[in-house]
1. Being over 23 Å from residue 144 (Cα atoms), within 22 Å of the chain's Cα centre (by Cα) and of a type in the set (Gly, Ala, Ser): is that true of residue 60 here?
2. With part of a helix (DSSP H, G or I), open to solvent by 20 Å² or more (accessible area, probe 1.4 Å) and touching a residue at least 12 places away in the same chain (Cβ under 8 Å) as the only criterion, which of 100, 69, 110 stands out?
3. Among the residues of region 416-423, is there at least one that is in contact with a Ser or Thr (Cβ under 7 Å, 6 or more places away or on another chain), open to solvent by less than 50 Å² (accessible area, probe 1.4 Å), closer than 22 Å to residue 26 by Cα and touching a residue at least 40 places away in the same chain (Cβ under 8 Å)?
4. Being of a type in the set (S, T, N, Q) and either at pLDDT below 80 or not in a helix (DSSP H, G or I) (or both) is the filter here, so list the residues in region 1-26 that pass it.
5. If we keep just the residues of region 77-97 that are of a type in the set (Val, Ile, Thr) and open to solvent by 10 Å² or more (accessible area, probe 1.4 Å), which is farthest from residue 5 (Cα to Cα)?
6. Condition test on residue 230, is it under 20 Å from the mean Cα position of the chain (by Cα) and modelled with pLDDT of 80 or more?
7. I'd like to know if region 138-147 contains one or more residues that are in a helix (DSSP H, G or I), out of contact with any Cys (no Cβ under 6 Å at 6 or more places or on another chain) and modelled with pLDDT under 90.
8. Would you confirm, using the coordinates I've provided, whether residue 34 is out of contact with any His (no Cβ under 8 Å at 6 or more places or on another chain), buried (at least 19 other Cβ atoms within 10 Å of the Cβ) and part of a helix (DSSP H, G or I)?
Amino acid sequence: MSGLVFVIVAIFVIGYACIALEAFTKVNKAAVALLMCVLCWTAYIFIPGHDLGTLPEGLGETAETLFFLMGAMTIVEIVDANGGFNFVRDTLKTRSKRKLLWRMAFMTFLLSAILDNLTTSIVMIMVLRKLIQDRKERLIYASMVIIAANSGGAFSPIGDVTTIMLWIKGMVTTGGVLTELLLPSLVSMVIPAFLLSLSLKGKFDKAQNLQVADVSNFTKRQRQVVFYCGVGGLIFVPVFKTLTHLPPYMGILLVLGLLWTVTEIFNRKYEESDPMAKRVTQLLTRIDMSTILFFLGILMAVLCLKQVGVLNAVGDGLNVVFNGNPYLITGIIGVLSSIVDNVPLVAACMNMYEVVPDTIYAVDGSFWQLLAYCAGVGGSMLIIGSAAGVVVMGLEKITFGWYMKKISWIVFVGYIAGILVYALEKLFI
């Protein structure tokens, strides 16, 4: 390894460590990712014979993922701001503690597959605060939200950022992940739900009578239209890609444009300054741009590592050590994703290995499907291992130690069970 390549790797490792330790450094990971990206590419230009031709090409591929995420975030924000998720609260209402856990687990699992695990986690925690007053009890349900959200995101092409990345790059298809990862993901959620339900007994003190307040000027019918346009549109995006062969971000922009038009029509009789009129131009300010910039920095920094040949060397090394076994390689990646962010891990793997027909690296091959499962579900093992976990940790003030002691082993059992189910699918189906 030349001196400059070593410098690039050192910059990436130091930056990665700062991102993983964000809770201790108090420096936003987006800022670190951007610095890491620019410093890596700055060091790269001093390498003799360097080629910057891949930089604009890589930026174009990265932009596809970023525009998809921005569109999806905006759609979910529009639906949420206009009361589209009120039905979630109505569906979950029950006095039974165990029934509530199961209802919440399945609702989170399904919503995460349609929306994304981060947004679903926020919605479900807000609902739980209305349903459960005792914080100690709520921590169990909040932990289940993390598990169900990550499991639900793993089997859907639009449910998790890592799966979105694999889907957009053409390494997995909609049909492939839905048919082959649904059962393993479901098992990875059901087993922890069963184990957690054993600690819950009895009923809540009183029925949970939630008042669904009007959060905008929209009527109930209009809110339903917004919900079906938004959520139905997200479900339609993979279908649109299959029918037109256009990139996924074009489908998401189609849905956003349609939903924006619908809400403008509903709001046209209200003044622009009316605070109850939830116009898209106002809601755009709520989009988490720091997350978008984090993905930009990480993906472009990983591209630099690929350009200098580091990732190919790491990929070859893993194949030698583990004899090319996809279960061992992706299983370890899943465990690592509970310690550090799964986005750069998956981005690195995507650049380590190429799509090779008629092998485990073929489109919808076992390596890519296991990578989607392990990176998604594995992030639940530690509370800092996924975006869903980090946001719930902040909202409910769950400590790292409590989660590791009470929840981590439960997640690990479900994680291994899901991998075994996938192996059985490949063996007998």
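1. yes
2. 110
3. We begin by selecting, within region 416-423, every residue in contact with a Ser or Thr (Cβ under 7 Å, 6 or more places away or on another chain); these are 417-418.
Now restrict to residues that are open to solvent by less than 50 Å² (accessible area, probe 1.4 Å): 417-418.
So of that shortlist, the ones also closer than 22 Å to residue 26 by Cα come out as none.
The answer is no, given that none of the residues of region 416-423 is in contact with a Ser or Thr (Cβ under 7 Å, 6 or more places away or on another chain), open to solvent by less than 50 Å² (accessible area, probe 1.4 Å), closer than 22 Å to residue 26 by Cα and touching a residue at least 40 places away in the same chain (Cβ under 8 Å).
4. Residue satisfying the conditions is 2 alone.
5. 94
6. yes
7. Yes, region 138-147 has at least one match.
8. So residue 34 fits the description; yes.
The values are calculated or read from the model by the stated rules, or taken from the named source; none is laboratory data. Bear in mind that the values here come from a model prediction, so they are computed numbers and not experimental data. We place every Cβ from the backbone using ideal geometry, glycine too, and count neighbours over all the protein chains shown. Remember, those area values only see protein heavy atoms, side chains included, never the ligands or the DNA or RNA. Shrake-Rupley method; radii C 1.70, N 1.55, O 1.52, S 1.80 Å.
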